[in-house]
Amino acid sequence: MLVPGGGNNYQIVGTERKPGPGEGKVDLSNVTVYVDPAAEWKQIFDEVYKIEKDFFYVKNMHGVDWDANRRKYEALLPHVSSRADLTYLLNEMMSEMVVGHNYVGLGDMPSGPNVNVGMLGADYEISEGRYRIAKIYNGESWNPEAKSPLSVPGLNVKEGDYILAVNGVPLTATTSIHELMQNQAGRQVTLKVNGSASESGARDIVVEAISISGECIAVCGLGRRQPPQGGSAQRRQDRLPAYDQYRPRRL
């Protein structure tokens, strides 16, 4: 008898008595399984179709031609590129029945590295092809979680100043400042700033970038910002998908 012991622990034991701890343990340390994702997704799709057809609580499937519905969504299977895509496709197929408590979940969902983005607690606008600071949020200087990097005393940065470079990399209208601020949350960042879009007279300052959540604490608690009035500068509208839905759209 094969007995699962939790995780990747399995035991092969007889049925005549209760097995002891670790008795008959199967060594899986050198086991490798090769999986054809496309074939696996096709099998999952077919099984979901059959389970719904065989066990749905009414035979009329809420008026849906289930075989035709299968053909409709099966045509999209060649375009599935991840387990997340498959889950979405299955949910769409099952939604045709318009019934609650009929879900698809779990599975080998894809995951990637979590890349933080350092924030400066400011709004920007594009002027003369460079980033100009449109708004600096003061935050709460006494609260480490709600500080505003550009409002630290002694930096002498003000609204209307330009950020010309980040860590020595030129920052122009064709570059997203977020790209240059990747993996910089909680780290010291060197910014080249100037009162104009020119390199002449520019100076370097060092700030400690904050996380997106930290910026939200510093900014959202102060109320939603208003767009700058007047001027011909182009407003920058870059999105931060992972957090944008919870806060005002920011740079």
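Looking across segment 74-92, the residues that are surrounded by fewer than 17 Cβ atoms within 10 Å (Cβ to Cβ) and of a type outside the set (S, T, N, Q) come down to E74, A75, L76, L77, P78, H79, A84, D85, Y88, E92.
Pairing each residue of segment 79-100 that is touching a residue at least 60 places away in the same chain (Cβ under 8 Å) with any residue that is among the basic types (K, R), provided the two are 6+ apart or on different chains, yields no C-beta distance under 9 Å. Within segment 39-57, residues that are within 14 Å of Y73 (Cβ to Cβ) and without any contact (Cβ under 8 Å) to a residue 60 or more places away in the chain reach partners that are surrounded by 14 or more Cβ atoms within 10 Å (Cβ to Cβ) and of a type in the set (K, R) with beta carbons closer than 6 Å, at six or more positions or on different chains, in the pairs Y49/R70. When V80 is tested against (1) in contact with a helix residue (DSSP H, G or I) (Cβ under 6 Å, 6 or more places away or on another chain); (2) more than 30 Å from S95 (Cα to Cα), only condition (2) is not met.
Considering segment 161-183, the residues that are assigned to a loop (DSSP other than H, G, I, E, B) and closer than 15 Å to L120 by Cα include one that is nearest to the chain's Cα centre (by Cα), namely N183.
Residues that are within 18 Å of A185 (Cα to Cα) and either among the β-branched types (V, I, T) or surrounded by fewer than 12 Cβ atoms within 10 Å (Cβ to Cβ) (or both) within segment 151-172 comprise V152, I163, V166, G168, V169, listed in sequence order. Does any residue in segment 128-148 that is touching a residue at least 40 places away in the same chain (Cβ under 8 Å) and farther than 27 Å from P170 by Cα come within less than 6 Å, Cβ to Cβ, of a residue that is crowded, with 20+ Cβ neighbours inside 10 Å and among the hydroxyl-bearing types (S, T, Y) six or more places away or on a different chain, and which pairs are these? Close Cβ pairs satisfying both conditions: G139/S148.
Rundown of residues vs (1) modelled with pLDDT under 90; (2) surrounded by fewer than 14 Cβ atoms within 10 Å (Cβ to Cβ); (3) in contact with an Asp or Glu (Cβ under 8 Å, 6 or more places away or on another chain); (4) closer than 14 Å to M97 by Cβ, yes/no style:
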position: D27; (1), (2), (3), (4): yes, yes, no, no
position: N30; (1), (2), (3), (4): yes, yes, no, no
position: V35; (1), (2), (3), (4): yes, yes, no, no
position: A39; (1), (2), (3), (4): no, yes, no, no
position: D46; (1), (2), (3), (4): no, yes, no, no
position: K50; (1), (2), (3), (4): no, yes, no, no
position: F56; (1), (2), (3), (4): yes, no, no, yes
position: M61; (1), (2), (3), (4): yes, no, yes, yes
position: V64; (1), (2), (3), (4): yes, no, yes, yes
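When V206, V104 are checked against the criterion of being more than 30 Å from D46 (Cα to Cα) and not charged (D, E, K, R), a single residue qualifies: V206. Scanning segment 128-160 for residues that are in a loop (DSSP other than H, G, I, E, B), in contact with a helix residue (DSSP H, G or I) (Cβ under 7 Å, 6 or more places away or on another chain) and at pLDDT 90 or above gives a single hit, V157. Take segment 155-190 and flag every residue that is touching a residue at least 60 places away in the same chain (Cβ under 8 Å) and more than 11 Å from Y131 (Cα to Cα). Result: H178, M181, Q182, N183, Q184, A185, G186, R187, V189.
The values are calculated or read from the model by the stated rules, or taken from the named source; none is laboratory data. Quick caveat, the model's predicted, so the values are computed rather than measured. Every residue, glycine among them, receives a Cβ derived from its backbone with ideal geometry; neighbour counts consider all protein chains shown.
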